[in-house]
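Structure record follows, encoded as structure tokens.
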């Protein structure tokens, strides 16, 4: 039986694993200690030296030269969350340690949240709810796009973008997409029409951003894109705030009260107290709730147990992360 440790923030342990998954892990791995935080693990080099596998999540230790010099037996890391960039290193990749991430399971609630937000946006829900609250009375209905024959734009067709597209199949909607890495044949299989970034904003009733934050994508969405939007169109961001030039966006939304921006992520976070993000009525902020929350996080822990089983049987990991792929996970 392999020997292992569970290392992550204490609050993350309860959200991702908890007692139900602890029992499942204990039946598969001889745990060397109770679940530990990063600092607790670093203070016990004797335990790190014995571990073949590590189950982790938010709050994983940085696996650099010093860590790996101690954890010389480490063969696999099962990370019950999304991006692994913050804890991996050149030395980690050079050791050829297997690593799997639950980014795919974290994508599920984001896609569900996005679908719900798209459908509400097509009814101008956000405008009506805000106006009724502001005026203290029912208001007249304004024309809406509705969920029949309207155009939805997806920016990037990674894991989340594809899940959103799948969930939109139940509705009579046209789906346009911008992703320079998707071929026309692949777009046909996905049932999307590939268009330019400008055309996404120009043609769509709702635009949903799913682009990871990379050097190449920072500030990719500019003020001029919002200027192109149709009357009463909506923009959704569940990706990363830094992909948008938010100051430019706010300037346009100030001039275009017919537009709505629904932002679950912003940058910097939090913004300045006097930011227009707080005061413009056509900007709806939520505190990064689209991803896995509370009970939903247990889905990620279960996936890591399944991945360990595959690894233990000598099978290919379904959600293995390579060094190259790690750079694309937001």
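The values are calculated or read from the model by the stated rules, or taken from the named source; none is laboratory data. These numbers come from a predicted model, not from an experiment. Cβ coordinates were reconstructed from backbone atoms using ideal geometry, including for glycine residues, and neighbour counts include every protein chain displayed.
Which residue is modelled with the highest pLDDT, if the candidates are limited to the stretch 286-303 and must be surrounded by 15 or more Cβ atoms within 10 Å (Cβ to Cβ) and not in a helix (DSSP H, G or I)? Looking at residues that are surrounded by 15 or more Cβ atoms within 10 Å (Cβ to Cβ) and not in a helix (DSSP H, G or I), I get 290.
Rundown of residues vs (1) farther than 19 Å from residue 112 by Cα; (2) in a strand (DSSP E or B), yes/no style:
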{"position": "167", "(1), (2)": "no, no"}
{"position": "182", "(1), (2)": "yes, no"}
{"position": "186", "(1), (2)": "yes, no"}
{"position": "231", "(1), (2)": "yes, no"}
{"position": "242", "(1), (2)": "yes, no"}
{"position": "250", "(1), (2)": "yes, no"}
{"position": "257", "(1), (2)": "yes, no"}
{"position": "261", "(1), (2)": "no, yes"}
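Hey, among the residues in the stretch 227-247 that are touching a residue at least 60 places away in the same chain (Cβ under 8 Å) and farther than 19 Å from residue 202 by Cα, which one's surrounded by the fewest Cβ atoms within 10 Å (Cβ to Cβ)? The extreme case among them is 240.
Give the stretch 202-219 a look and list any residue that's in a loop (DSSP other than H, G, I, E, B) and touching a residue at least 24 places away in the same chain (Cβ under 8 Å), or say none. Walk me through it before giving the result.
Looking only at the stretch 202-219, we keep the residues that are in a loop (DSSP other than H, G, I, E, B), and these are 204-205, 210-219.
Answer for the stretch 202-219, where residues must be in a loop (DSSP other than H, G, I, E, B) and touching a residue at least 24 places away in the same chain (Cβ under 8 Å): 204, 205, 210, 211, 212, 213, 214, 217, 218, 219.
Candidates in the stretch 38-58 are the residues that are surrounded by fewer than 15 Cβ atoms within 10 Å (Cβ to Cβ) and touching a helix residue (DSSP H, G or I) at 6+ places or on another chain (Cβ under 8 Å); of these, the one that is nearest to residue 4 (Cα to Cα) is 49.
Evaluate the stretch 248-264: report whether one residue or more is surrounded by 18 or more Cβ atoms within 10 Å (Cβ to Cβ) and over 21 Å from residue 202 (Cα atoms).
Within the stretch 248-264, the subset surrounded by 18 or more Cβ atoms within 10 Å (Cβ to Cβ) is 249-250, 252-253, 259-264.
If we keep only those that are over 21 Å from residue 202 (Cα atoms) too, we end up with 264.
Yes, the stretch 248-264 contains a residue that is surrounded by 18 or more Cβ atoms within 10 Å (Cβ to Cβ) and over 21 Å from residue 202 (Cα atoms).
Can you report the number of residues in the stretch 59-85 which are outside any loop (DSSP other than H, G, I, E, B), surrounded by fewer than 16 Cβ atoms within 10 Å (Cβ to Cβ) and in contact with a helix residue (DSSP H, G or I) (Cβ under 6 Å, 6 or more places away or on another chain)? Step through it out loud before you land on a result.
Here is the first cut: in the stretch 59-85, the residues outside any loop (DSSP other than H, G, I, E, B) are 65-70, 76-79.
Next, from what is left, pick out any that are surrounded by fewer than 16 Cβ atoms within 10 Å (Cβ to Cβ): 65-66, 69.
Restricting the remaining residues to those that are in contact with a helix residue (DSSP H, G or I) (Cβ under 6 Å, 6 or more places away or on another chain) gives 65.
Going through the stretch 59-85 one residue at a time, the tally reaches 1.
Looking only at the stretch 128-164, residues that are in contact with a helix residue (DSSP H, G or I) (Cβ under 6 Å, 6 or more places away or on another chain) and assigned to a helix (DSSP H, G or I) come to 4 in all. The lone criterion from (1) surrounded by 21 or more Cβ atoms within 10 Å (Cβ to Cβ); (2) without any contact (Cβ under 8 Å) to a residue 60 or more places away in the chain; (3) not in a helix (DSSP H, G or I) left unmet by residue 88 is number (2). All conditions in (1) assigned to a helix (DSSP H, G or I); (2) at pLDDT 95 or above; (3) surrounded by fewer than 19 Cβ atoms within 10 Å (Cβ to Cβ) hold for residue 117, with the sole exception of (3). For the stretch 307-330, residues that are exposed (fewer than 15 other Cβ atoms within 10 Å of the Cβ), at pLDDT 95 or above and out of contact with any helix residue (DSSP H, G or I) (no Cβ under 9 Å at 6 or more places or on another chain) total 4.
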